[in-house]
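Shown next, in structure tokens, is the structure this report addresses.
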Amino acid sequence: MGTFSLAPDQLAWCAELRDLAERRLAPLAEAAEPGRVDRPLIAELGRLGLLERLFTSGALDLCLMRESLAQVCSEAETALALQGLGAHPVHAYGTKEQRGRWLPEAGAGRAVAAFALSEPGAGSDAAALALRAEKTDTGDGAGWRLTGEKYWISNAPEADFYTVFARTGPDAGARGVTAFLLPADRPGLTGDHLDMLCPHPIGSLTFDGVPVGEGDVLGEVGGGFEVAMRTLNLFRPSVGAFAVGMAQAALDATLGHTAQRQAFGGPLKDLQAVAHQVADMAVRVESARLMVYAAAAAYDAGAEDVPRRAAMAKLLATETAQHVVDAAVQLHGARALLRGHLLEHLYREVRAPRIYEGATEVQRAIIAKELYKQHARTPEAHRQEAAR
């Protein structure tokens, strides 16, 4: 398969996913309570084998799943992605016991996972974590008690287990952070729902001396920042795929509307201003799609420049989706603002991806940092420095 094209079997799989989303997933999403974890939807994703595929597929497959589901049912896409984000650190860094206990449950959709990184004072600046892990003597080995808060945590407070990042060492910044696998029934863990513009299952968590031990560590003590960043490097291109799926849905709706809507003596599509805007929307969507696929392919190939590519893909795709959905609303007119209209839904959905898993501004900072690192390694850069 070429980096910038999909094989026939991949295209057929994407079409199958869209069909499943329409027939089996969208009805469950429509019946769910807004702002709460949709367990029937997650269980159906498990029955369809999509959650298990999160742990056996590469980054490109993840992007294809998220893009395809997002075109038809953004709630199903979000449920899939949140399950993957919360459980991936267990898959990648968990012990045999941790994996055996939680991955079958998560893959079947019987246990809901969550990724607990953000805090009231540590959103885009993930290195500013303040959740404390205070050392205790349990008599059975090393242990800690977690004290502090997490905020903006998807699937909280209803998840069954959390990947939690806490500061176990005195070092500031990225050092001294450890990742823990935390079952939701640990004493001292409480939480609340947050009421968002687009009603996703998202909430806050309060840790009042929550006990964790060596058997709860994911990866190495002090290595939690690497767990977080490697997980985000995998999921950032697929956030872009989610955005591309929403943008494609908005574009498809616009093509249908402008081909049928009569105004000024003919269909809207015959107006040059409209036709050119639709063409621009299509170019932007396809450009974002190609960058997402390229970033995912680079991740799967183990390329060195994954952080830069992942940041570029998320940046371009999420900004593109915002533009395309907004343009679609404009071309549809007031009907697109009616509660329940596809574009009204997308207009609320499309805003958050520009913030979570690293805001647009953070992606620009990552891209610039990686570019200068790459430049400093080139022979030409060294020759220029020597000439000075």
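The values are calculated or read from the model by the stated rules, or taken from the named source; none is laboratory data. For clarity, every value in this text was computed on a predicted model and none was experimentally measured. Cβ placement follows ideal geometry from the backbone for every residue including glycine, while neighbour counts extend to all protein chains displayed.
Summary of computed values
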| read-out | value |
| --- | --- |
| Conditions (1) more than 20 Å from Ala243 (Cα to Cα); (2) crowded, with 23+ Cβ neighbours inside 10 Å; (3) of a type in the set (Lys, Arg): number failed by Arg66 | (1) |
| Number of positions in region 351-371 that are buried (at least 16 other Cβ atoms within 10 Å of the Cβ), part of a helix (DSSP H, G or I) and charged (D, E, K, R) | 2 |
| Residue that is modelled with pLDDT of 95 or more and either closer than 14 Å to Gly222 by Cα or surrounded by 15 or more Cβ atoms within 10 Å (Cβ to Cβ) (or both), where the choices are Leu182, Leu129 | Leu182 |
| Filtered residues of region 13-53 (kept if among the charged types (D, E, K, R) and surrounded by 15 or more Cβ atoms within 10 Å (Cβ to Cβ)) | Arg18, Arg24, Asp38, Arg39, Glu44, Glu52, Arg53 |
| Per-region count, region 162-179, residues basic (Lys, Arg) and either in a loop (DSSP other than H, G, I, E, B) or modelled with pLDDT of 95 or more (or both) | 1 |
| Residue under evaluation Thr56, criteria (1) over 22 Å from Ala249 (Cα atoms); (2) in contact (Cβ under 8 Å) with a residue 24 or more places away in the chain, criterion not met | (2) |
| Complete set of residues in region 97-127 that are under 25 Å from Tyr151 (Cα atoms), touching a residue at least 24 places away in the same chain (Cβ under 8 Å) and of a type in the set (Gly, Ala, Ser) | Ala106, Gly109, Ala111, Ala113, Ala114, Ala116, Ser118, Gly123, Ser124, Ala126, Ala127 |
| Residues located in region 333-350, provided they are touching a helix residue (DSSP H, G or I) at 6+ places or on another chain (Cβ under 7 Å) and either outside the structural domain of Ala296 (by TED's automatic domain parsing) or in a loop (DSSP other than H, G, I, E, B) (or both) | Leu338, His341, Val350 |
| Residue in region 207-214 that is closer than 30 Å to Pro170 by Cα and assigned to a helix (DSSP H, G or I) present | yes |
| Within region 215-261, considering residues that are in a helix (DSSP H, G or I) and of a type in the set (Val, Ile, Thr), the one farthest from Cys63 (Cα to Cα) | Thr258 |
| Qualifying position, being at pLDDT 95 or above, part of a helix (DSSP H, G or I) and more than 18 Å from the chain's Cα centre (by Cα), among Gln330, Gln374, Gln322 | Gln330 |
